[in-house]
1. Can you sort A:Tyr420, B:Tyr345 by how many other beta carbons sit within 10 Å, fewest first?
2. Report the gain in length on full extension from B:Ile294 to B:Glu58: 0.36 nm times residue separation, minus Cα-Cα distance, nm rounded to one decimal.
3. Pop the C-beta distance of B:Ala342 and A:Lys397 into the FRET formula with R0 = 35 Å and round what comes out to the nearest 0.05.
4. Cut-off is 10 Å between beta-carbons; in what order do A:Leu466, A:Leu417 appear when sorted fewest neighbours first?
5. Once all Cα-Cα distances of segment A:349-473 are split into 5 Å bins that start at 0, what whole-number percent is in each one?
6. Distance between the C-alpha centers of segment B:53-101 and segment A:375-396? Whole Å please.
7. With θ set to phi - 60° and the Karplus curve 6.51 cos²θ - 1.76 cosθ + 1.60, what are the ³J(HN,Hα) couplings of segment A:444-459 in order, to the nearest whole Hz, using x for Gly and Pro?
8. Per residue and in cubic angstrom, what volume does the convex hull of the Cα atoms of segment B:233-354 have?
Amino acid sequence: SFIDFICVNSMPLMNPVKMGKNKGKSQSGATPASTANPPPQKSPEKPKQAAPAAVPEAPRVNDVEQIAEQVNNLHMQNGEEANRGDVMAARKAKAAAKAEKAAKAAAKKEAEAAAKATGEASTAAEPKLESEQKKGANQPQGKPEISREEAIAAQKAKAVQQRAAAKSSDKPKQQQGQKEESKSKSNLKQAPSSPNDSVKEVRFGVTRSESEENLMKAMIHAEHTNVKIDIPLRDIRDIIHPAFYPLVDRCENGENEGPDELCLHFMECVRQFIRKFSYPDAHQLGEMMDESLNAQLRHLSQEDKYPLPYALGNIIRQLRKEIMQVGKTDDKGRTTSVQSLMEWLDDSEQQYFSLANSAISQHLQGKIAAATKIVTYNWCPVVNHVLLDSKTKGSLKKLTVLDAVKNGPGIRHLTSLADYPGYVEYGDLTAVGSIFERGSLVLLGCSAVLSSGRVCLPRGAFQLALVARAANVPVLILAPTYKFVDRAQAATRFALLGKTPLDILPPDLITAIVTDIRLLPPSSAPAVLKAKALDDAN
Amino acid sequence: LVAVIMAHVEAPLVLDFNEIRSTFVHNLAKGHQRENSLKIAQASVNYIRKIIAQEKYENIDELLEVLRNHLRYAISLAPTELVVRNVFLIAMKLAREENTRALIGVDKEVGNPYDSLNTLWKAEEGSLNASAAGKKMRKGLIAAVKEILVELDSSRESIVSRVADVLQLNDTVLTYGVNSSPTLRLFLENARRTIKMRQILSVSASLEDPLCPDYASSISLRDVAGAMTDVTKVLLPVSVVFPDGSALMPSGCLSIAHAAARHAVPVYGIAAFYKIAPFFSADSAAAVNAQGAIGLPVKLADSLRHRVILSPIFDVVPAHLLSLYISNSGAVLPSHIYRLIADYYHPEDLTEEL
């Protein structure tokens, strides 16, 4: 990844190469004879390997800032962007250090040969090795004083790793030991030719402890051998910060009823986390907090196996930006403190949720008053807010709530409107053919709005929108701006929400998207993203 | 169950006709498990045979009046069963034909009401309005009604034999409600014998439906839109076909048909001849399953007071979403259904208000 290349430019080549070569030499006995590499290779590597934090040398101070800056500018929420960033940086690095690459390639080949000699599956080894190299390469750019936090994280990761290893077949266990060697052997900066080959991209670009690396490898290998290690939420619980326990518990119980509640709950957990986080050096507080949060997020998303829900990703990005500012003095001499961070959290929660919902409701009152019937699907708190508002204003006439199966999440709309004297119907998706009458209006909540104008919705909303369009009934999507995401495609499985199946509604089935700014056609999604980016930059 | 009760009724020598009638209607309106349409059609035909055999009538008009009375009684108690209506109307047409045949003779060409005006003008006067004697008609009519029964029995086989018209190698077939339509189930089983299909998906309420046959995998209705990208053929059961080519199908089929239209997947409806109705019926289209389970827990009863729980039985699927009807007389385009109506129904019966 590109962070590797930053380090390539700034740090002497010797160190990572030395570490790699040493481990290879001691473990497998193969002699990596690379002429370009400098000689000293016989420092003791065993204790290094055993230590959970295998940090070779303290990088220089400006490296840290560079790295921090890169992290800030990452905007990495998806693999595509990471690859782009990687490729860009890779091209720079390519122009800068060609000889080093030749050396690396040679060393890598030896490592691969050694790995093959130790009997690993050859086909699976290569992509794994590349990804491991990348991850291993992230190690050397570790920050100096994180040993305490890493130690804790490493212990927890070790526990998980052991459990995971016990769960999976024996093969990954054996491979782990071998992989450690091969990874450490080839702990080099990989040629930038194939950023896309890595199975797992490092999303947030922070150091990992070695046991976490091992866990990573085990999982990668398990996937290659079709043994699924799906770390259940209760195991994640053991390795994350206690502040996130309630979140994980709720998700495991299935109480989380959608992305909105998840985001709110997450922000609450983050508040707890920030309160409990302490670090001696005030200047580094922000970065340390950010890294620690990062580690938690990685665990929650199971090492990026499942992406976090997109709307949550947006919030997290903003949050991390703010966190990085903590302890730093800006141009005018003001220092951001933890207190201001908490204030920012409260502010943004209000802005993203309550104020946005009120604004959306405001936009819709006129439309609801003109409609004879409102149709909605599944549960969405924004839709509920709008319905309650229109009930108090007296503009709600008939209401139909549909669900995929009876007694689904949509029932919550009915119970919240229990005292509404008007006509309310409830049905499942088979009733969709008979509910549309003249003057109906469909209101749907969503999980995310993609930059192509598509909208991610709970499964079954596609059918509803199809039949609505055939009946000439307008379909409005209610989406506060934090749900707008800078991706063009969507995954189907998300961390924390389990295997939530999503329908992706194409723009021709959507009449308009109602945001807190205004009503927009779905083709204006990129404009909203741009407006958000400008807003954030200020 | 129908056969059992009818058999029970046939035993005594002196037949109370009211008893026969109430038995028939009871079987129509009973319970929550509706018999499949073929059984209902057969029961109706047997009922008509008894009417023709037992009732007294002197001429064609009286016979038609008798039939109409019985039909009104049946409709008032089971208004959504259009199959019963169809069978009665078919019988009425046969009665008229029998009448003309008895008058004029088998060989002569009878005045077909769908003939051109010129032909009708030139036809012999008086022959159209005369009526044969009741007793003469009775024999012929009973034979004709028996023929309906034969056609009913063979309709299923002829539909099932048309598998090759519809399905091909490596098809992924999406179907609905395989349990409730024996014709559909036999169709698929016959298809599996002769054609190697890639997959058969059956839309059902729950994913582990015990009634789903083992050669079909269950899929829930909300996943249909996503699965439609892989589907090559959609096979849907039909309750009633209306003269414009639109069909009354089990509820949920409308969204399946729309999803199929979006992905340009052909939709086939399986409809035997007795399902082709000569007129549209809004009552059936709005029919509600009053006997089905509500599906909500009792603890919500308070907060859900005065709320309407939707459970429609049927969806009206418009003709432009359907590609073909597989009927016993062949594969029919929806826009050609009106031609079949001429084969089975007489226009003068259709103008009557039932």
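Since every read-out is calculated from the coordinates, none of them should be taken as a lab result. Remember, predicted model here, so these are calculated numbers, not experimental data. Every residue, glycine among them, receives a Cβ derived from its backbone with ideal geometry; neighbour counts consider all protein chains shown.
1. Values: A:Tyr420 17, B:Tyr345 20.
In increasing order of surrounding Cβ atoms, one gets A:Tyr420, B:Tyr345.
2. Values: separation 236, 0.36 × 236 = 84.96 nm, distance 5.11 nm.
Gain in length upon complete extension: 79.8 nm.
3. On the way: r = 46 Å, r/R0 = 1.32.
After rounding, the FRET efficiency stands at 0.15.
4. Numbers: A:Leu466 23, A:Leu417 20.
Final ranking by Cβ density, sparse to dense: A:Leu417, A:Leu466.
5. 2, 11, 21, 24, 23, 14, 5, 1, 0
6. 53 Å
7. Per residue, the Karplus-derived 3J(HN,Hα) values read 10, x, 9, 9, 7, 10, 7, 6, 7, x, 7, 10, 8, 10, x, 4 Hz.
8. Details: hull volume 16.4 nm³, N = 122.
For segment B:233-354, the hull spanned by Cα atoms encloses 134 Å³ per residue.
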